[in-house]
Amino acid sequence: MRYSVSGANTTAIDEASAAPNLLLGKAIATGRILWLRSAWFYNAAAEDILWIMDTATSTATSAVTNIRFPIPCASGITTVVEFPAPGLKFSTACVVSLDGTSGALGASVGIGKAGGLGYEE
């Protein structure tokens, strides 16, 4: 059975900390798989790359296999990405983190400035 999910980040996505942030603001329900169909990001700071990952660890310790999609986020523009059916698959956690190497140090995406939608099954 499919359950629609959507949401936005509840903590700032800050490249200085390299900490992962839940893209939808909540974890995947126990025993389910998340299929992300679209995501959006508003970056008011310097251009940077945002990583969408299936992991609970930071980008500094994440294996390349955990990265699902890199998204270049320009400064002052909303970036929207849509994924064809069934979407990007996540089984651990749908988290995002700024790359931190391509933009100016201190760049961040504010609370509620990133989010997405999809479904769990």
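A compact table of results
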read-out: Among residues of the stretch 60-84, those that are farther than 12 Å from Asp48 by Cβ and at pLDDT below 95, counted; value: 13
read-out: When residues of the stretch 103-116 are limited to those that are surrounded by 18 or more Cβ atoms within 10 Å (Cβ to Cβ) and among the hydrophobic types (A, V, I, L, M, F, W, C), the one modelled with the lowest pLDDT; value: Ala107
read-out: The stretch 1-48, residues that are free of Cβ contacts under 8 Å to residues at least 60 places away in the same chain, farther than 23 Å from Ile77 by Cβ and not in a loop (DSSP other than H, G, I, E, B); value: none
read-out: Which numbered condition Gly100 fails, given (1) within 16 Å of Ala19 (Cα to Cα); (2) modelled with pLDDT of 90 or more; value: (2)
read-out: Members of the stretch 10-21 that are surrounded by 19 or more Cβ atoms within 10 Å (Cβ to Cβ) and of a type outside the set (D, E, K, R); value: Ile13, Pro20, Asn21
read-out: Top-ranked residue of the stretch 38-59 - restricted to ones that are under 15 Å from Ala8 (Cβ atoms) and out of contact with any Lys or Arg (no Cβ under 8 Å at 6 or more places or on another chain), ranked as modelled with the lowest pLDDT; value: Leu50
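The values are calculated or read from the model by the stated rules, or taken from the named source; none is laboratory data. Quantities reported herein were computed from a predicted structural model and do not represent experimental measurements. Here the Cβ is made from the backbone with ideal geometry for all residues, glycine too, and neighbour counts use every protein chain on show.
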